[in-house]
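This report refers to the structure that appears directly beneath it.
What follows draws every value from the coordinates through simple rules; no lab data is involved. It should be emphasised that the depicted structure is a prediction, and the values quoted were computed from it without experimental measurement. So basically every Cβ, Gly included, is an ideal-geometry build from the backbone, and we count neighbours across all protein chains shown.
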Ligand code: GLN
């Protein structure tokens, strides 16, 4: 094994030019470009005579992220022929077009340890793998088997979907390889006599040479690599170009054989699946992270671009990107975990309901999750659930969940089943039924009767509370009429005071959905809910509270001149409305009652503040 290359030297103390605001990764690529431009080793390939005309000074580096950003340094728009970097894509295309069984029946997946153009087959007389010429020519033959004379066009279009643009062919390079490619002809005849390919050798080679002569830039290669790193979804166009199966198998053979007889050392040292081409390109795809494309025509003895290799080594070392050097902490996946004692819904409850919920708050457990629901994260969550007495309701809030892996979804489904067996109701918030994640979970759960969903976490908590209240005999009768004497805001008033108050109130009736109070309008009256339910929302739709009979709303009119929220009837509702003018007169006539009411109001506001603070605490404690 060779000595590891010296560590890449990015100055730890930033030079003054760093003051401008370039993203660090772009600055890193610029730096690689400047440093490795000095690297003059290697030789431009000329066994295909036309390739010998490449300008050895050209050097372009491009890096595409999985959110679709493309960084570029140097000659990233100079076209060159894709050559062997077409092999992984055509292999993926063959898998998706003919099915894995057919492809795997004629091509192996073992590294050969041989150079790319080796005329040697494995013990079964099959190509060792799809990354050497024998395997790649077999892939081209398979595509011909499926598409006949349309094979090349089919390949060109597929390569274009990986790049996100239509790709042309360098006719001169194609013609040059057609006349000089005797070694590939020898390989193709060997394949035919070994019954690996069953198509006309000339036609297969024409397809293969054309596919190698497709013109790309370093930028294209970065996007193509990022598509491989992104389970087959082109991060720039958003198109699912190939199936995740084909992509993962392609990355597998790139890992073991992408760099030919340098593959073992490459994966040991750099740890990023890659593929090179004799045109001077190198493609590196780090799954779930990035795609790199580099172009510099001078090659080493293995046929790999000298500067391109340096770039990949520097990237891997500088950012510690070796794909096997990874760790993850599942404990960060839970951002909050509580029962409803500490964080009830925004529904104001009457004393009976409040008592029931206080006694049974542990029946509802809320787990707020964040980030990716991966294998490890979901496993961790399931152990947190098992560690405490089993609740009757579990709410998983997924608002901050950004993605779900298949393994994570499968574990989620298994956890739901487990909970179902124990009679626990699962409630999901922050996920929609038509979402991809929901479908993925559904693949394994089938129809589960114990799973409910509410997009808003508060609505989920409220629903669970209602179930708890209901189970313990506290069902709410929405038709029940509540008198002013039962209003918390009016607690402690004498019957005479209440009678006087009733005389200035008018009873209003509201239809479901009717707007009672509008944000910004003058606050000229207060309301005491007599029957039904209303909800208070901010103008952007965020629900602050749901109120039922016995509660006041619009009471902030005592403190503010304009309404700060909307109030809408949930169900049909009736309320006593008292005009502020009349109320002020009442307060003057009854100073003792007035003081009582203001004290009650202060108490109600203090209670709300305590709940709000608890909520903030719950989120910051994690
Ligand atoms: N067209 C070239 C050949 O078959 C591709 C080889 C390569 O890029 N390694 O020789």
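The ellipsoid that matches the Cα gyration tensor of region 402-538 has semi-axes, each √(5λ) in whole angstrom, of 44, 19, 11, with the longest given first.
Note on residue 43 and residue 509: their simple-model spin labels are 9.8 nm apart, each label 7 Å out from Cα toward Cβ.
Working from label points 7 Å from Cα in the Cα-to-Cβ sense, the residue 193 to residue 498 distance is 10.7 nm. Each of 219, 120 was scored by other Cβ atoms within 10 Å of its Cβ. Listed from fewest to most, they are 120, 219. Using only the C-alpha atoms, the convex hull of region 241-320 corresponds to 89 Å³ per residue. Taking the Kirkwood radius as Rh and the Cα radius of gyration as Rg, region 392-440 has a ratio of Rg/Rh equal to 0.96. Working from Cα pairs under 8 Å separated by at least six residues, relative contact order for the chain is 11 percent.
Fewest-first ordering of 212, 139, 32 by other beta carbons within 10 Å of each residue's beta carbon gives 32, 212, 139.
Hull volume per residue, based on the alpha-carbon atoms of region 79-201 and their convex hull, is 107 Å³. Sorting the Cα pairs of region 465-571 by distance into bins of 10 Å, from 0 upward, gives 14, 41, 34, 10, 0 percent per bin. State the Cα centre-to-centre distance between region 536-613 and region 243-266 in whole Å. Cα centroid to Cα centroid, the span is 67 Å. Directionally averaged projected area (region 28-75, Cα convex hull): 4.4 nm². Legend: ranking of residues 367, 427, 282 from fewest to most surrounding C-beta atoms inside 10 Å; resulting order 367, 427, 282.
I'd like the distance separating the alpha-carbon centroids of region 275-353 and region 509-535, in whole Å. Cα centroid of region 275-353 versus Cα centroid of region 509-535: 51 Å apart.
The Rg/Rh ratio for region 25-122 is 1.05, where Rg is the radius of gyration of the alpha carbons and Rh is the Kirkwood radius. Translational diffusion of the chain, estimated by Stokes-Einstein from the Kirkwood radius over alpha carbon pairs at 20 °C in a medium of 1.002 mPa s, is 73 µm² per second.
Under 37 °C and 0.692 mPa s, how fast does region 330-427 diffuse according to Stokes-Einstein, given a Kirkwood radius computed over C-alpha pairs? Answer in µm²/s, whole number. The Stokes-Einstein estimate is 232 µm²/s. Taking every DSSP bridge with both residues inside the chain, close to 75 percent are antiparallel.
With 5 Å bins beginning at zero, the pair-distance distribution over Cα atoms of region 312-355 amounts to 5, 13, 13, 10, 9, 8, 7, 6, 7, 7, 6, 5, 3, 1 %. Given in Å, the Rg to one decimal and the Dmax to the nearest whole number for the Cα atoms of region 132-176 are 11.6, 28.
Per-residue extension of 0.36 nm, minus the Cα-Cα distance of residue 588 and residue 402, leaves a gain of 61.3 nm for this segment. Summarise the long-distance tail of P(r) for region 163-207 by giving the % of C-alpha pairs beyond 11 Å. Of all Cα-Cα distances in region 163-207, 70 percent exceed 11 Å.
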